[in-house]
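The structure appears below as structure tokens.
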Amino acid sequence: MNEFVCTLCGRCCMGMGRYVKVTGVMGPGRYAVRHDLSNELFYATVDRNFRGRIDPLNRDTPAEWCPFLMDKDENGNYYCSIHDSIPSFCKKYKCCTCRISGSNGNPAGMVKGRSTIVTDDKELEQLWNSAVNSVLDLELNEQKKKIVEIMKDSGYDVRYFE
Ligand code: SF4
Ligand code: SF4
């Protein structure tokens, strides 16, 4: 198993504006916040490197965005401005069960939930679904091992996350 690595695409945080609500200002760069999906109340402190660069109560980013998501940086990455004080919901969040890359190492797809593949590559989609169907009678960890092998034989690297 591999540790989940966030690629900083920002997609998950771009839909969190409905759930992450600033309820009070505690001081410069410090806020009382409620996370409605996990019912968490927490104090958020804007990380040192983003201090003075974000006001979560006065953003011109889309309303659907989490108020603490920084706009894209020069490398195309989206950073959370309160990374050191994020709620447990965000700490635990993984957007996929595993990632799939092709023989060139480039991302080819990802899997959501137990086995739903997300890819633009129809051939990969078929290969994945047939691999999943061929291991249905195995126990879950055995299924994963076998799927990794089958996909490897076709030139794909599958990384499941813990
Ligand atoms: S958790 Fe996933 S969707 Fe969210 S920013 Fe990271 S890679 Fe993107
Ligand atoms: S607090 Fe940070 S990690 Fe959590 S949704 Fe907002 S920007 Fe994303």
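All of the numbers you see were taken from the coordinates with simple rules; none came from a lab. All values derive from a computational prediction rather than experimental measurement. All Cβ positions, glycine included, derive from the backbone under ideal geometry; neighbour counts span all protein chains shown.
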Mean Cα-pair separation over length for the chain, i.e. relative contact order, pairs under 8 Å, 6 or more apart, %: 21 percent
Nearby lysines by direct alpha-carbon distance to LYS152 (threshold 24 angstrom, same-chain neighbours under 8 apart not counted): LYS94, LYS112, LYS122, LYS144
Cα convex hull of the range 98-160, projected area averaged across orientations, nm²: 3.7 nm²
Most positive-pole-ward Cα, MET70, VAL25, GLY52, against dipole of the range 13-92 from beta carbon charges: VAL25
Between ALA108 and residues 5 or more places away or on another chain, the pairs with built amide H atoms under 5 Å apart involve ILE100, SER101, GLY102
Using the alpha carbon gyration tensor of the chain, what are the three equivalent-ellipsoid semi-axes (square root of 5 times each eigenvalue), largest first, in whole Å? 38, 17, 13
